[in-house]
Amino acid sequence: MEGDIAQMGAYIGAGLASVGMGGAAIGIGHVVGNFLAGALRNPSAAGGQTATMFIGIAFSEALGIFSFLVALLLMFAV
């Protein structure tokens, strides 16, 4: 009985950690959307901001990968 409750808690925690992956997707959407809005307003400055956009995408994606790893650890390391 105690093992079942611990397994249930691990699955609930993994599900909650998976919410971070959705947050990362929303973050990437905001980064790229704001870049495109700025590029449409000032196309001549868009080339200089492309590297900054990719850095923002990388940071957002890293947070999603970290939350995925936490979910895997909670599911299989218990």
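Scan region 23-51 and report the pairs whose first residue is within 23 Å of Phe68 (Cβ to Cβ) and whose second residue is among the aromatic types (Phe, Trp, Tyr), with Cβ atoms within less than 7 Å and a gap of 6+ or a chain change.
Here the result reads none, with nothing in region 23-51 linked to a residue that is among the aromatic types (Phe, Trp, Tyr).
May I ask you to list the residues in region 8-24 that are farther than 12 Å from Ala77 by Cβ and surrounded by 12 or more Cβ atoms within 10 Å (Cβ to Cβ)? Outline the logic, then answer.
Taking region 8-24 first, the residues farther than 12 Å from Ala77 by Cβ are 8-9, 11-12, 15-24.
Passing the criteria: Gly9, Tyr11, Gly15, Leu16, Ala17, Ser18, Gly20, Met21, Gly23, Ala24.
If we keep just the residues of region 25-78 that are among the polar types (S, T, N, Q) and part of a helix (DSSP H, G or I), which is surrounded by the fewest Cβ atoms within 10 Å (Cβ to Cβ)?
Here is the first cut: in region 25-78, the residues among the polar types (S, T, N, Q) are 34, 42, 44, 49-50, 52, 60, 67.
Subset that is part of a helix (DSSP H, G or I): 34, 44, 49-50, 52, 60, 67.
Details: Asn34: 13, Ser44: 7, Gln49: 15, Thr50: 11, Thr52: 11, Ser60: 19, Ser67: 20.
Step by step, filter region 25-78, then rank; the result is Ser44.
Based on this model, can you work out whether Gly3 counts as at pLDDT 90 or above, assigned to a helix (DSSP H, G or I) and either surrounded by fewer than 12 Cβ atoms within 10 Å (Cβ to Cβ) or at positive phi (or both)?
On the way: at pLDDT 90 or above: no; assigned to a helix (DSSP H, G or I): yes; either surrounded by fewer than 12 Cβ atoms within 10 Å (Cβ to Cβ) or at positive phi (or both): yes.
The answer is no for Gly3.
The values are calculated or read from the model by the stated rules, or taken from the named source; none is laboratory data. These figures come from a predicted structure and were not determined experimentally. Positions of Cβ are backbone-derived with ideal geometry, glycine not excepted, and every protein chain shown enters the neighbour counts.
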